[in-house]
Amino acid sequence: MLCRTFDQRTDFFQARLWLLAIISSSFTTAACWAQQQRATSPAPPASPIVVPVVEEVFAADGNRAPDFAWRDGDGRRIRFSELTRNRVVLLNFWATWCGPCRREIPDLIELHHQLPSDKFLLVGISLDQGPNAQEKVRSFLEARGVPYLNLLGDVRLADAYGNIMAIPTTFIIDRNGRIVERIVGARTKEQFLQSLRKVLK
C-alpha cells in the first residue's frame, strides 16, 4: 500500500501531496484491520512531543544519504549525519493523511522498542504541508504515543532523497551513512526486520 505524491511546483509542495490509496496484495484485510486497531489504541507518550522543522538540506556526497539539519526543542542545531553516526538508520517518509503510512506506524513503534538504540535509530519525516502542519503532526504523534524522532520535511528533502513521489517511502542506511535499500509502500515489522538484519550484523 502507498500514497502517491505529485510534483506541482506552482504551489511549492502542498499541491504535490494528493492521496491515491492503492490496495496491495501483500497485505490481507485482516492484517490491515489489526494494524488499524493497534494504531487507535496507543499508550500515552512519556514526554511532550516536539516536531522540529528541517531547516537546511545538503547536497548528497556520492552514495551517502543526503544530510540535513534542524533545531531541537532547546534551539541546538543538529545534523542528521552526526546524530546517526555508527548506527543503522530506518528513515521513513510519511504524512498524517496517508492511510498506509498510518497503518505501519504501530510496527515502526515496535521496531523502535525492539532494536538497541546504540546500534539502530528510527527517524520519521512527515511531508505534511500547510500553515498548521507542525501542530497537526505533533498532535497526531502525541495521540498515538509515537516515541521515535519525527521531523517536518519539505520538497527540498524529498527531492534530495530521489524525488520521492509516493509515501510511505523508507530508506535503510548503514553505519557508514550509505543508503542500502529504498522501500516504496507500507511494510510490516517482520519485513522491515528482514532488511535491517542484513546491515545490523
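The values are calculated or read from the model by the stated rules, or taken from the named source; none is laboratory data. Computed from a predicted model, the values in this text were never measured in an experiment. Using ideal geometry, Cβ is built from the backbone for each residue, glycine included, and neighbour counts are taken over all protein chains shown.
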Conditions (1) at negative phi; (2) at pLDDT below 95 -> G62 fails only (1)
Within the range 165-201, the residues that are under 17 Å from R64 (Cβ atoms) and either surrounded by fewer than 19 Cβ atoms within 10 Å (Cβ to Cβ) or at pLDDT below 95 (or both) are D174, R175, N176, R178, I179, V180, E181, R182, V199
Log entry, pairs with first residue in the range 160-189 being more than 22 Å from S117 (Cα to Cα), second being aliphatic (A, V, I, L, M) and assigned to a loop (DSSP other than H, G, I, E, B), beta carbons closer than 7 Å, six or more apart or on different chains, reads A160/A60; I167/A95; I167/L127; P168/A186; G185/M1; A186/M1
Taking the range 127-164 and keeping residues small (G, A, S) and more than 12 Å from the chain's Cα centre (by Cα) leaves G130, A133, S139, A143, G145, A160, G162
D128 vs (1) within 21 Å of T188 (Cα to Cα); (2) modelled with pLDDT of 95 or more; (3) surrounded by 14 or more Cβ atoms within 10 Å (Cβ to Cβ): all pass except (1)
*I109: more than 25 Å from M165 (Cβ to Cβ), assigned to a strand (DSSP E or B), at pLDDT 95 or above and within 18 Å of the chain's Cα centre (by Cα), yes or no?*
no
Quick count over the range 138-164, residues being surrounded by 18 or more Cβ atoms within 10 Å (Cβ to Cβ) and over 20 Å from I78 (Cα atoms), is 5
Apart from one, (1) assigned to a helix (DSSP H, G or I); (2) touching a residue at least 24 places away in the same chain (Cβ under 8 Å) all hold for V89; the odd one out is (1)
Only one of N92, N132 is out of contact with any helix residue (DSSP H, G or I) (no Cβ under 8 Å at 6 or more places or on another chain), over 13 Å from L193 (Cα atoms) and of a type outside the set (D, E, K, R), namely N132
Matching residues in the range 134-167 (in contact with an Asp or Glu (Cβ under 8 Å, 6 or more places away or on another chain), assigned to a loop (DSSP other than H, G, I, E, B) and within 17 Å of C98 (Cβ to Cβ)) number 1
